[in-house]
1. Considering only the range 36-66, state which residues are open to solvent by less than 10 Å² (accessible area, probe 1.4 Å) and either hydroxyl-bearing (S, T, Y) or more than 13 Å from V173 (Cα to Cα) (or both).
2. Just for the range 166-184: of the residues that are closer than 17 Å to A51 by Cβ and within 16 Å of the ligand (Cβ to nearest atom), which one is modelled with the lowest pLDDT?
3. Could you please let me know if P158 is closer than 24 Å to V204 by Cβ and not polar (S, T, N, Q)?
4. Mind listing whichever residues of the range 444-496 are of a type in the set (A, V, I, L, M, F, W, C) and surrounded by 17 or more Cβ atoms within 10 Å (Cβ to Cβ)?
5. Taking only pairs six or more apart or across chains, which ones have beta-carbon atoms under 6 Å, a first residue in the range 233-244 that is under 14 Å from H218 (Cα atoms), and a second residue that is within 8 Å of the ligand (Cβ to nearest atom)?
6. Cβ-Cβ under 7 Å, sequence separation 6+ or interchain: first residue in the range 390-413 and of a type in the set (F, W, Y), partner in a strand (DSSP E or B). Which pairs?
7. If I filter the range 145-157 for residues that are modelled with pLDDT of 95 or more and farther than 20 Å from T183 by Cβ, do I get at least one hit?
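The values are calculated or read from the model by the stated rules, or taken from the named source; none is laboratory data. Because the structure is a prediction, the values reported are computed rather than measured. Every residue, glycine among them, receives a Cβ derived from its backbone with ideal geometry; neighbour counts consider all protein chains shown. Quick note on the areas: whole protein, heavy atoms, side chains included, nothing else; ligands and nucleic acids left out. Shrake-Rupley method; radii C 1.70, N 1.55, O 1.52, S 1.80 Å.
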Amino acid sequence: MADTYKNFINGEWSATASGGTFENRNPADPTDVIGVFPESGEEEINEAVKAARSAFQGWSHTPPPHRGEIIRKVGDILAARKDELARLATREMGKIVAETGGDVQEGIDCAYLFAGEGRRLFGETIPCEFANKFGMSIRRPIGVAGLITPWNFPMAIPTWKGFPALVAGNTLVLKAAEDSPATAVKLMEIFEEAGMPPGVVNLVHGHGPTAGAPLVKHPDVGVVSFTGSSETGRLIARECGGMLKRLSLEMGGKNAQIVMDDADLDLALEGALWGAFGTTGQRCTATSRLIVHKKIAGQLTDMLVERAKKLRVGNGLDDSTEMGPLVNEKQLGRVAGYCKIGVEEGAELILGGERGSGKLAKGAFFMPTVFRGVTRNMRIFQEEIFGPVVSITEIGDFDEAIETLNDSAYGLSSSIYTRDVNRAFKAVEDIDAGITYINGPTIGAEVQFPFGGNKNTGNGHREVGTVGLDVFTEWKAVYVDYSGKLQRAQIDTFEG
Ligand code: NAD
């Protein structure tokens, strides 16, 4: 019998009124049912938002250092249970345990970062035009935050949205991804154990159109923070735009690693392997394009294929596995479809392009895939695939490399391997992306830095870092005039 999980609303665990449920299965072994979850809809969203709305008064008036203290305890519990949580996340969405451990670690890092913000939440003091007048800016919470998250970072993303929202004094409703709901349940249990008051954090399970959409539309949700595909992001943006609702979007990527002819090729190879095949290519920051100088393209391609074909593909729970399955059969169909498109477009498929066979046949396994001869007009160069597929495009010089990298509708992560410091800094200046790595792969963000992207990747916001608070706070300018007289800004002048 599979475990039955519930929603977490107002500090209580509850099923849906209709009793509807959905199953979550292990993509490495579809006979392994992780659990049965409530198929929620508008009714449950309304209840959760109501609970969050009522809890807002108390929580927003709780001193921020105390709010931070609860978040710190959440971090401590995550740390104590890291291995168990990582294993559950691997069962849910497939990536190897070392990586789900990293995912939980990112949650821990976020907890400690934002716990500290409880004692900062800095505003500014700013000089005024007149004597006997004091000016400052302060952050205020918005109200109820609606968080909608994907499955590829089942712990990191809910926490990197949730902790800044909470420390700033907001309450929240999380609509977790339908492919990783159990990890979200564990997070709620941990909030409960850490002493979070009822209603401050709420979890509603369900699918996008039926549970996500009513959360976005709810008039009492003051801010929506979404991570997922650009298609869904567009729908949500339309809805929020009509309501003039604050919205942060983190969406797709088509990230590239440039390898110049002066690069350390062994290092560039390690970066490409990790960037392209880590998380089975299902990171928004995954290396999907390798832009390689023609002088070393042949050599690097051979090195890449040699190593990629030896990657151990299998169940992520097995410590020897280097690459797990895709998240589900639907995603596998999408990745296989792109491989077909690549071949039809005239790119040369030199490795993979097919699902796993033999022992791997029963799971959603797809083999590491490399295309070469990929040109900028091809769909596999332009569109997000979200799988273990990397395409190689040759360039002749640095300017062409940057132009090729920037030829994308997305602008999330980027990387350049070169030993030339001048070129490295020029790349930092000229690459149109939210993240640039020098001599490192396109994946590996740290929570104390702003995370997010340009162009179709985002809508101008950044997550985590200290700027991560901006999405969840409104600035208030405060003027205190203690002169005892009317001092008219821009009209009266200071007379000393
Ligand atoms: P998705 O857009 O299908 O789903 C994301 C979330 O949105 C899920 O919780 C889903 O239930 C919900 N949703 C779907 N339709 C909705 C609707 N109409 N209204 C409200 N909510 C709705 O994306 P996915 O397949 O889960 O994740 C993969 C995508 O996420 C990729 O494109 C990837 O690049 C992107 N991603 C981006 C980042 C980033 O920070 N930029 C990080 C991770 C993943």
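1. F37, P38, S40, W59
2. Restricting attention to the range 166-184, the residues satisfying the condition of being closer than 17 Å to A51 by Cβ are 166, 169-176, 184.
Checking the rest, the ones that are also within 16 Å of the ligand (Cβ to nearest atom) come to 172-176, 184.
Numbers: L172: 98, V173: 98, L174: 98, K175: 98, A176: 94, A184: 98.
Looking at residues that are closer than 17 Å to A51 by Cβ and within 16 Å of the ligand (Cβ to nearest atom), I get A176.
3. yes
4. In the first step, residues of the range 444-496 are kept if they are of a type in the set (A, V, I, L, M, F, W, C); the result is 445, 447, 449, 451, 464, 467, 469, 471-472, 475, 477-478, 480, 486, 489, 491, 494.
If the condition is that a residue be of a type in the set (A, V, I, L, M, F, W, C) and surrounded by 17 or more Cβ atoms within 10 Å (Cβ to Cβ), then A445, V447, F451, V464, L469, V471, F472 are the ones that fit.
5. Hits for this filter: I236/V216; I236/F226; E239/V216.
6. Y410/K455
7. First pass over the range 145-157, keeping only residues modelled with pLDDT of 95 or more: 145-157.
Checking the rest, the ones that are also farther than 20 Å from T183 by Cβ come to none.
The answer is no, given that none of the residues of the range 145-157 is modelled with pLDDT of 95 or more and farther than 20 Å from T183 by Cβ.
The rows are residues; the columns are (1) in contact with a Phe, Trp or Tyr (Cβ under 6 Å, 6 or more places away or on another chain); (2) basic (K, R); (3) surrounded by 22 or more Cβ atoms within 10 Å (Cβ to Cβ).
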position	(1), (2), (3)
D83	no, no, no
A86	no, no, yes
E92	no, no, yes
Q105	no, no, no
Y112	no, no, no
A115	no, no, yes
N132	yes, no, no
G135	yes, no, no
